[in-house]
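Novice: I'd like to ask you about the structure that follows.
The values are calculated or read from the model by the stated rules, or taken from the named source; none is laboratory data. Everything numeric here is computed off the predicted structure, so don't read it as measured data. Cβ: placed from backbone, ideal geometry, glycine included. Neighbour counts: every protein chain shown.
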């Protein structure tokens, strides 16, 4: 999968160094050439049903770092691209509320 944009992930990891190992590991796994998500269920199979929320509009939220950090992605399955729309703490994700649907 192609991940757009790694900068968002790196900046969050630099601001919160305790999260960087989980973010880096996730990125390396997803960036692997063999990883191609064709449908949301492929992401669930890869990370597990308890770590993935499937959202409307081809978006997914993946839990990282013991479910402390969440990454919100917009996935273009036909092109093999995942756009990082948001990364943050679990508590901040819960506070997004209706705003989450416009991200």
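Novice: For the subset of the stretch 62-81 comprising residues that are part of a strand (DSSP E or B), without any contact (Cβ under 8 Å) to a residue 40 or more places away in the chain and out of contact with any helix residue (DSSP H, G or I) (no Cβ under 8 Å at 6 or more places or on another chain), which member is farthest from residue 19 (Cα to Cα)?
Specialist: That would be 76.
Yes or no, residue by residue, for (1) touching a helix residue (DSSP H, G or I) at 6+ places or on another chain (Cβ under 6 Å); (2) surrounded by fewer than 17 Cβ atoms within 10 Å (Cβ to Cβ); (3) in a helix (DSSP H, G or I); (4) at pLDDT below 90:
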{"position": "12", "(1), (2), (3), (4)": "no, no, yes, no"}
{"position": "28", "(1), (2), (3), (4)": "no, yes, yes, no"}
{"position": "54", "(1), (2), (3), (4)": "yes, yes, no, no"}
{"position": "84", "(1), (2), (3), (4)": "yes, no, no, no"}
{"position": "94", "(1), (2), (3), (4)": "no, yes, yes, yes"}
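Novice: Among the residues of the stretch 62-79, is there at least one that is surrounded by 11 or more Cβ atoms within 10 Å (Cβ to Cβ), at pLDDT 95 or above and more than 21 Å from residue 10 (Cα to Cα)?
Specialist: For the stretch 62-79, residues surrounded by 11 or more Cβ atoms within 10 Å (Cβ to Cβ), at pLDDT 95 or above and more than 21 Å from residue 10 (Cα to Cα): present.
Novice: Can I ask one more? Read through the list (1) more than 11 Å from the chain's Cα centre (by Cα); (2) free of Cβ contacts under 8 Å to residues at least 12 places away in the same chain; (3) over 13 Å from residue 1 (Cα atoms), then give the number of the only condition that residue 53 fails.
Specialist: The failed condition is (1).
Novice: Now for a separate question. For the stretch 39-51, what are the residues that are modelled with pLDDT under 95 and outside any helix (DSSP H, G or I)?
Specialist: Of everything in the stretch 39-51, those that are modelled with pLDDT under 95 and outside any helix (DSSP H, G or I) turn out to be 48, 49, 50, 51.
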